Structures are given as C-alpha cells and as structure tokens.
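Report on one structure; see the data block that follows.
The values are calculated or read from the model by the stated rules, or taken from the named source; none is laboratory data. Keep in mind that this is a model prediction, so the values were computed, not measured. All Cβ positions, even for glycine, are placed from backbone atoms using ideal geometry, and neighbour counts span all protein chains on display. What goes into the accessible areas is simple: the full protein's heavy atoms, side chains included, and nothing from ligands, DNA or RNA. Shrake-Rupley method; radii C 1.70, N 1.55, O 1.52, S 1.80 Å.
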Amino acid sequence: MSDEGIGPDADDVWPDGPFEAVLMAIVGTTIFLMMAITFVDVAGRYLFNAPIPGGFELIEFLMPLSIFAGLPIITRHRTHIVVSIFDRWFRGGIGEMRRLVVDGGSLAVVAFIAERMWSQGDGLAEAQIESGYLEWPVAPAAYAISVLSVVTCVVLVLMLVHDVKTMLARRA
C-alpha cells in the first residue's frame, strides 16, 4: 500500500518495465523538443528576424503527445493534481469506495475521450485534413491520442480490479 493507504503501490498494478520506459522517453523527448523549438524560434525571431517556419504547428503536434503519453504513468502512480480538503472525512471503507467511484468515473471519461478522438481521426482522415503551414495530416495525431487514452483505460481497469480484490480480501 502507499503511504496514506489511499491506493495500491504502482508496482502492484503494473510493474516497472520497458513499456513505461518507452512512454517516459516519449514524454521526455516531446518536452525537450518543444523547449528547443521554442528557444530557437524566439532567438531566431528576435535576433535574426527569422523564426522557425511552422514552429508553432510543431509544438501543436508535440503538446498532446506529451500529455497523453504521460497520462498512463501519472494515473498508475496516482500523481494527479488533487484537491484534498475533504480527505479527512474519507477514511477507511468510505475512502476505498470514494477511490473506486473516482477511478470508475475517470475510466468513463478517458474511454469517452478515446472513442471521440478515434472518431475524430476517422473524420480527419476521410476529409484529408492537413495542418496549415506544414501540410501534415492531422488524423495520426488524433489516433495517437486515442491509443494513448486506451492505454490509460487499461491502467485504470487494472487499478480498479486491484482495489476491488484488496477490499474483498480485507473484508474476508
């Protein structure tokens, strides 16, 4: 169990391994690229009056990739930003039930995002929508968000199963 007994240790749900390392590499690489592109773009714009052509679009493609690649990891480790003003009233069995409800709600929302983004990707692919300056197809970005959302859904399902098993074992 974690420090406060509010959820499983990350390794109880999904052990560290190459899959998480790949996701972390994607997050690190995309954040570094966004930083480098922004730095070079600003320096080029103000020092040489020559910004990176399509720099803004590059960042538009990288930003959701970094967010949705990090979401399964953040979910697994339960390191989301939380408001804990009511936590003292949610201890023991009530806290366990609250966690199940929150994780179940999160699963529903992320599954909805996955479905909508896949549908959006289909529409973008069918219409052959491209970005404005770079003229890159936009559909692959929507599909990537959808797939990464499904990965987060899998993590949430594993967490829910683990939590239910833990609750049942405690009550037995």
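Answer yes or no: is there a residue in region 122-129 that is among the acidic types (Asp, Glu) and more than 26 Å from Ala69 (Cα to Cα). No.
Residues in region 155-172 that are part of a helix (DSSP H, G or I) and without any contact (Cβ under 8 Å) to a residue 12 or more places away in the chain: Val161, Lys165, Leu168, Ala169, Arg170, Arg171. State whether one or more residues within region 120-132 are in contact with an Asp or Glu (Cβ under 7 Å, 6 or more places away or on another chain), within 25 Å of Leu23 (Cβ to Cβ) and assigned to a loop (DSSP other than H, G, I, E, B). Yes, region 120-132 contains at least one residue that is in contact with an Asp or Glu (Cβ under 7 Å, 6 or more places away or on another chain), within 25 Å of Leu23 (Cβ to Cβ) and assigned to a loop (DSSP other than H, G, I, E, B). Listed by first and then second residue, the pairs linking a residue in region 90-103 that is more than 22 Å from Val157 (Cβ to Cβ) to a residue that is surrounded by 15 or more Cβ atoms within 10 Å (Cβ to Cβ), with Cβ atoms under 6 Å apart and 6 or more places separating them unless they lie on different chains, are Phe90/Arg98. Would you check if there is a residue in region 126-134 being in contact with a helix residue (DSSP H, G or I) (Cβ under 9 Å, 6 or more places away or on another chain) and open to solvent by less than 50 Å² (accessible area, probe 1.4 Å)? The answer is yes, given that some residue of region 126-134 is in contact with a helix residue (DSSP H, G or I) (Cβ under 9 Å, 6 or more places away or on another chain) and open to solvent by less than 50 Å² (accessible area, probe 1.4 Å). The residue of region 26-67 that is most open to solvent (accessible area, probe 1.4 Å), among those that are under 14 Å from the mean Cα position of the chain (by Cα) and without any contact (Cβ under 8 Å) to a residue 24 or more places away in the chain, is Ile67.
Do you know which residues across region 46-57 are assigned to a helix (DSSP H, G or I) and over 22 Å from Glu135 (Cα atoms)? Tyr46, Leu47 - these are the residues of region 46-57 that are assigned to a helix (DSSP H, G or I) and over 22 Å from Glu135 (Cα atoms).
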